[in-house]
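Quick notes on the structure that follows.
Taken together, the values in this text are just the output of simple stated rules run on the coordinates, not laboratory data. Note that the structure is predicted; figures quoted are calculated from it, not measured. Cβ sites come from the backbone with ideal geometry, for glycine too, and all protein chains shown count toward neighbours.
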Amino acid sequence: MGTHPMRTAVTLCAAAALALPLGTATAAPSAERTGHGHGRNPVLVDCLWKPEVRPGAFLLACGDGNSRLESLRWSHWNSKSAVARGINWLNDCKPDCASGTFRSYAVIIRLDQPRTWEKDPDLKQFTRMSLTYTDGRPEGYARTETYDLWG
């Protein structure tokens, strides 16, 4: 290690510490795949005000949890719209919501109408969601239901 072993050891440790983040960054999965990055495409804002891209699940009924989307498989996500297939788990609320049964319905989810997100003006968020029921639908629901999303 030369005539100054302590200085050499400290220098090597410092160099290793600086190189570590570089290796981690290149080995990290892309933000698009993990659902946490948003880049330049709009985000979907969840009940906890967290912006997400391509989430695997999404709660539609933030107040009572009686409607949620699960098993989401996104086929498209860009600056204008996003499309996924998944399952809408919906409480039939019979005889009431506390005693109701959750039933599953296959759906196609479409997000559109991106707008600047008031909470973070650097981001755009999708402000409308349409659910198209593909194999049966809840009683009283149209084949396609459209919702304005919170922001």
Worksheet item: Sorted by packing (mean other beta-carbon atoms within 10 Å per residue), highest first, where do 128-135, 93-100 land?
Response: 128-135, 93-100
Practice prompt. For Trp117, list long-range residues whose amide hydrogen, built 1.01 Å from N in the peptide plane, is under 5 Å from its own amide hydrogen.
Written response: Leu123, Lys124, Gln125
Item to complete: Pop out the ³J(HN,Hα) list for the stretch 63-69 in order, Karplus 6.51 cos²θ - 1.76 cosθ + 1.60 with θ = phi - 60°, rounded to Hz; leave Gly and Pro as x.
Response: x, 10, x, 7, 8, 9, 10
Worksheet, complete the sentence: Phi-derived 3J(HN,Hα) across the stretch 51-56 with the Karplus relation (6.51, -1.76, 1.60, θ = phi - 60°), rounded Hz, x for Gly and Pro, is x, 10, 10, 6, x, x
